Amino acid sequence: MNIRKTKKLTTIGMLCAFAYVAAVVGRIPLVLFLKYDPKDVIIVIGGFLFGPLASIAITVVVSVVQLFTTSATGIWGCMMNIISSCAFSCPAALLYKKKHTLSGAMLGLCCGWGCQVVVMMIWNYLIAPIYMNYPREMIMELLLSAFLPFNVIKGGLNAAITMLLYKPVVTALRRSNLIDSKQQANKMQIHAGMLLTALFIIMTCVLLILSYNI
């Protein structure tokens, strides 16, 4: 195994560990009984660095570890975690891989955000009655009152936080010699427009959260 592959596996392993910690200690209530954690931010950063397959690998590892450690929803919750995280991170990583620019990254994050919302509406309708033990009629009511706003807010926070953290994370990894010095260099610089966009999304999400908890 050459040095580059060793660095890649080491970095992906670190991202798995960080994503798991984020999932365990970063949980905050958003809408009704649904809680947000920032693990998808780390997963999509892994996808930006190494492609969508890395996002899938990190997602599966973290979700399976959660299944055997902290999950209260069993295999169904594990499956939903995998679907949700992949729906956000894979489209974002794929678009960024094809268009390695700031606009490509932002477009990818927005597409991942929208994809996650649509996919989770479908899968919550199909699977939530099974693992939540709710009748489908109740799930239908929750789709618009809980699941839709939750996934809109969740995806918005993930996209905005990724915009803010990606460049600092890549810089730290480069200085630690875990990625090549030329890899990802100057691809997604943070500038005023990106910063304002991220802050606007975060503020909007916070206002939506407050409106649901008043």
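Percent of accessible area on the chain owned by carbon and sulfur, 1.4 Å probe?
About 71 percent, which is the carbon plus sulfur part of the accessible surface.
Can you work out the Karplus-derived ³J(HN,Hα) for every residue in the stretch 12-23? Use 6.51 cos²θ - 1.76 cosθ + 1.60 with θ = phi - 60°, whole Hz, and x for glycine or proline.
Each residue of the stretch 12-23 in turn: 5, x, 5, 5, 4, 5, 5, 5, 5, 4, 4, 5 Hz.
Using a Gaussian network for the chain with springs between C-alpha atoms less than 10 Å apart, which of these wobbles most: 19, 54, 72?
72
With springs only between Cα atoms under 10 Å apart, run a GNM on the chain and tell me which of 81, 151, 133 wobbles the most.
133
Using the Karplus curve 6.51 cos²θ - 1.76 cosθ + 1.60 with θ = phi - 60°, what ³J(HN,Hα) values do you get for each residue of the stretch 165-174, in whole Hz, with x for Gly and Pro?
Those phi angles translate into 9, 4, 4, x, 5, 4, 4, 5, 5, 5 Hz.
At 4 °C and 1.567 mPa s, what whole-number value in µm²/s does Stokes-Einstein give for the translational diffusion of the stretch 103-148, with Rh from the Kirkwood sum over Cα pairs?
Translational diffusion coefficient: 112 µm²/s.
So with the 1.4 Å probe, I'd like the accessible area per residue for the chain, rounded to whole Å².
Numbers: 10630 Å² over 214 residues.
I get 50 Å² per residue for the chain.
Under the 0.36 nm per residue contour assumption, what length would be gained going from the current alpha-carbon distance of residue 100 and residue 148 to full extension?
Computed gain between residue 100 and residue 148 is 14.2 nm.
Accessible area of residue 191, 1.4 Å probe, to the nearest 10 Å²?
Accessible area, nearest 10 Å²: 90 Å².
Label points 7 Å out from Cα along the Cβ direction at residue 210 and residue 172: separation in nm?
Each label point lies 7 Å from its Cα, and together they span 2.9 nm.
Say each of residue 25 and residue 133 gets a label point 7 Å from the Cα, pointing the same way as Cα to Cβ; how far apart are those two points in nm?
Output for this residue pair reads 3.3 nm.
Net charge within 15 Å of residue 28 by Cβ-Cβ distance, Lys/Arg positive one each and Asp/Glu negative one each, not counting residue 28 itself?
+2
Find the eigenvalues of the gyration tensor of the Cα atoms of the stretch 1-116, then list the square roots of 5 times those eigenvalues as equivalent ellipsoid semi-axes, largest first, in whole angstrom.
23, 19, 11
Calculate for the chain the 222 nm mean residue ellipticity that helices alone would give, adding -39,500 (n - 2.57) per DSSP H run of length 4 or more and normalising by residue count, nearest 500 deg cm²/dmol.
-26500 deg cm²/dmol
Lysine pairs in the chain with Cα distance under 13 Å, only those 8 or more apart or on different chains: how many are there?
Step by step, the pairs that qualify in the chain add up to 6.
Tell me the accessible surface of residue 115 in square angstrom (1.4 angstrom probe, heavy atoms of protein chains only), to the nearest ten.
50 Å²
Sequence-distant or interchain residues sharing an amide H contact under 5 Å with residue 27, placed H: which?
Result for residue 27 returns nothing.
Tell me which residues come under 5 Å, amide H to amide H, from residue 35 once H is placed; ignore anything under 5 positions away on its chain.
For residue 35, whose amide H was placed from the backbone, the distant partners under 5 Å are 30.
With label points built 7 Å along Cα→Cβ from the Cα atoms of residue 70 and residue 164, find their separation and express it in nm.
2.0 nm
How big is the chain on each of its three principal axes, counting only the C-alpha atoms and giving the largest first in Å?
54, 40, 29
Mind telling me which of 196, 109, 148 comes out most flexible in a GNM of the chain, alpha-carbon contacts under 10 Å?
Among 196, 109, 148, the largest mean-square fluctuation in the Gaussian network model of the chain belongs to 196.
Using 0.36 nm times the number of residues separating residue 14 and residue 126, minus their current alpha carbon distance, what extension gain do you get?
Taking 0.36 nm per residue and subtracting the Cα distance, the gain is 37.0 nm.
What list of ³J(HN,Hα) values in whole Hz, one per residue of the stretch 148-160 in order, does the Karplus curve 6.51 cos²θ - 1.76 cosθ + 1.60 (θ = phi - 60°) give from phi, with Gly and Pro shown as x?
5, x, 4, 6, 5, 5, 4, x, x, 5, 4, 5, 5
The values are calculated or read from the model by the stated rules, or taken from the named source; none is laboratory data. As the structure is a computational prediction, the values presented were derived from the model and not from experiment. Cβ atoms come from the backbone with ideal geometry, glycine included; neighbour counts cover every protein chain shown. All accessible areas refer to the heavy atoms of the entire protein, side chains included, with ligands and DNA or RNA removed. Shrake-Rupley method; radii C 1.70, N 1.55, O 1.52, S 1.80 Å.
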